[in-house]
Amino acid sequence: MPKCETCGNDYDKCFEVVLGGEGHSFDSFECAIQALAPRCAHCGCRIIGHGIESEGQYYCCAHCAHETGVPAARDRV
Ligand SMILES: [Zn+2]
Ligand SMILES: [Zn+2]
């Protein structure tokens with residue numbers, strides 16, 4: 001069985017996440033988020049929802065994008 005990439009747990013219900021054509025195995029969503037979720041370029045928190053992408057940077061919310069100088073960013077509805 002594949003092991004969790006984040007914590008090394010050898011769990012029989014590991015699942016695979018394919019990102020950019022590469023497979024990653026995890027035992028939990030928490031570990032998957034830890035390994036794969038982008039970080040907000042302003043506050044550094046993990047982006048679990050849709051977030052905002054601007055010029056190759058990710059932001060957790062429009063506020064953070066504005067603070068970093070992306071005035072056109074809006075929360076997606
Ligand atoms: Zn894990
Ligand atoms: Zn943020």
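The values are calculated or read from the model by the stated rules, or taken from the named source; none is laboratory data. All values derive from a computational prediction rather than experimental measurement. Glycine also receives a Cβ, built like all others from the backbone with ideal geometry; neighbour counts cover every protein chain displayed. Note: areas computed on protein heavy atoms with side chains; ligands, DNA, RNA excluded. Shrake-Rupley method; radii C 1.70, N 1.55, O 1.52, S 1.80 Å.
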Exercise for the section: Using the charge dipole of the chain (Lys, Arg: +1 at Cβ; Asp, Glu: -1 at Cβ; taken about the Cα centre), state which of GLY69, PHE26, GLY51 has its Cα farthest towards the positive end. Expected result: GLY69
Fill in the blank from the handout: The answer for CYS43, listing residues at least 5 apart or on another chain whose modeled amide H is closer than 5 Å to its amide H, is CYS60
Handout entry: the chain, helix-only ellipticity at 222 nm - DSSP H runs n ≥ 4, -39,500 (n - 2.57), divided by all residues, nearest 500
Key = -4500 deg cm²/dmol
Problem - 12 Å reach of a label modelled at GLU53, 7 Å along Cα-to-Cβ, counting backbone N of region 1-43 - result: 20, 38
Fill in the blank from the handout: Counting only protein heavy atoms with a 1.4 Å probe and every protein chain in place, the carbon and sulfur fraction of the accessible surface of the chain in whole percent equals 49 percent
Handout entry: Total charge dipole magnitude, region 1-69, about the Cα centre, Cβ charges on Lys, Arg, Asp, Glu only, Debye to nearest 20
Key = 140 debye
Practice task
Show the residues, 5+ positions off or on another chain, whose built amide H is closer than 5 Å to the amide H of SER54.
Solution key: TYR59
Completion exercise
Quick calc of log₁₀ I(q)/I(0), the chain, Debye, one scatterer on every Cα, no solvent, q values 0.26 1/Å, result -1.07
